[in-house]
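Novice: I have a structure here, written as structure tokens, and I will follow up with some questions on it.
Computed from the coordinates by the stated procedures, all read-outs in this text should not be read as laboratory data. Worth saying up front: this structure is predicted, and the values here are computed from it rather than measured. Glycine gets a Cβ as well: all are built from the backbone with ideal geometry, and neighbour counts include every protein chain shown.
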Amino acid sequence: MTRSDVSISESAGARRGAPDRRRSLAVGVVVLALVVLGAGFGLSRLVVSRHRATPSLAAKASSSTSAASTTSTTTPRAATEYTVRSGDTITAIAVRYHVAPAAIVLANRLRGPDHLTIGQTLIIPPPPVVELVFRPATVAPGREVALTLTGAQPGELVRFAFSSPVGSFTGPRHVASARGEVAAAYTPGVDEPGGITTVVAIGDDGTTTRAELMVRPDPVG
């Protein structure tokens, strides 16, 4: 074989090897790209998973606030009109509509509670919103919880009726303040298993509302 034949053979081999190298290089590039994309996809999934698993600060704050107190509120009605009849008094009308006599006098700009005329139209203001609040909303057996009722009639006698998984009872009467507020306290028994205790406020002048208290034993350890 001459030198020219060897050169021609080597040149032909080089030409045949060039496509193979290019194909190998292309395959390598594709594999590298898939690896990079796969790693990026896995990282994205990891970040999303971490983001979903970690509660936001706003959610934590909302949860803490809701655990601090619970409120039951009655829906207020609108003002109404009443026509005075024979034998009516401001006090009797106020009791009928669960409002304070002074509120009727003020709403109608009366000179006093005794200045009524048969056939006169009175504006009866809506009764105050009744709310029953527990602090805290969740309490352990043997721990005290504060009850605050607002919206009662001044001087009204109010009792609280409790119904828990272990029984029911009604507490003593409390006198509402001049602002219609009643404060009381309740302590679940130390042996209570826990659960929801329903509390109903019952006033002699018609004030009533209810709310639920969660009794939950302290975790052991």
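Novice: Out of Ile90, Ile104, I need the residue that is under 39 Å from the mean Cα position of the chain (by Cα) and aliphatic (A, V, I, L, M). Which one?
Specialist: Result: Ile104 is the single residue among Ile90, Ile104 that is under 39 Å from the mean Cα position of the chain (by Cα) and aliphatic (A, V, I, L, M).
Novice: Another one. Out of all the residues in region 85-138, which are closer than 24 Å to Ala184 by Cα and either acidic (Asp, Glu) or touching a helix residue (DSSP H, G or I) at 6+ places or on another chain (Cβ under 9 Å) (or both)?
Specialist: Those that are closer than 24 Å to Ala184 by Cα and either acidic (Asp, Glu) or touching a helix residue (DSSP H, G or I) at 6+ places or on another chain (Cβ under 9 Å) (or both): Val99, Ala100, Pro127, Pro128, Glu131, Arg135, Pro136, Ala137, Thr138.
Novice: Of all the strands (runs of 3 or more DSSP E) wholly in region 131-221, which have at least 2 residues that are within 30 Å of Thr91 (Cβ to Cβ)?
Specialist: Output list reads 131-135, 145-150, 157-164, 182-186, 195-203, 208-215.
Novice: Related question: I want to confirm something. Restricting to region 125-151 and keeping residues that are of a type in the set (A, V, I, L, M, F, W, C) and touching a Lys or Arg at 6+ places or on another chain (Cβ under 9 Å), which single residue is nearest to Ala78 (Cα to Cα)?
Specialist: Leu132
Novice: So which residues in region 114-130 are part of a loop (DSSP other than H, G, I, E, B) and out of contact with any Gly (no Cβ under 6 Å at 6 or more places or on another chain)?
Specialist: Asp114, His115, Leu116, Thr117, Ile118, Gly119, Gln120, Pro125, Pro126, Pro127
Novice: Are any residues in region 151-167 more than 17 Å from Asp205 (Cα to Cα), surrounded by 11 or more Cβ atoms within 10 Å (Cβ to Cβ) and not β-branched (Val, Ile, Thr), and if so, which ones?
Specialist: Of everything in region 151-167, those that are more than 17 Å from Asp205 (Cα to Cα), surrounded by 11 or more Cβ atoms within 10 Å (Cβ to Cβ) and not β-branched (Val, Ile, Thr) turn out to be Phe162, Ser163, Ser164, Pro165.
Novice: So is Ala178 free of Cβ contacts under 8 Å to residues at least 40 places away in the same chain, surrounded by 17 or more Cβ atoms within 10 Å (Cβ to Cβ) and not β-branched (Val, Ile, Thr) or not?
Specialist: In short, no.
Novice: Shifting gears a bit: So which pairs qualify, if the first residue must be in region 142-170 and farther than 30 Å from Ala103 by Cβ and in contact (Cβ under 8 Å) with a residue 24 or more places away in the chain, the second must be among the hydroxyl-bearing types (Ser, Thr, Tyr) and in a strand (DSSP E or B), the Cβ gap must be under 7 Å, and the two must be at least 6 apart or on different chains?
Specialist: These pairs meet every condition: Val145/Tyr186; Phe162/Ser168; Phe162/Tyr186; Phe162/Thr197; Ser163/Thr197; Ser163/Thr198; Ser164/Thr197.
Novice: OK, next. Touching a residue at least 24 places away in the same chain (Cβ under 8 Å) and under 21 Å from Ile202 (Cβ atoms): does that describe Val130?
Specialist: yes
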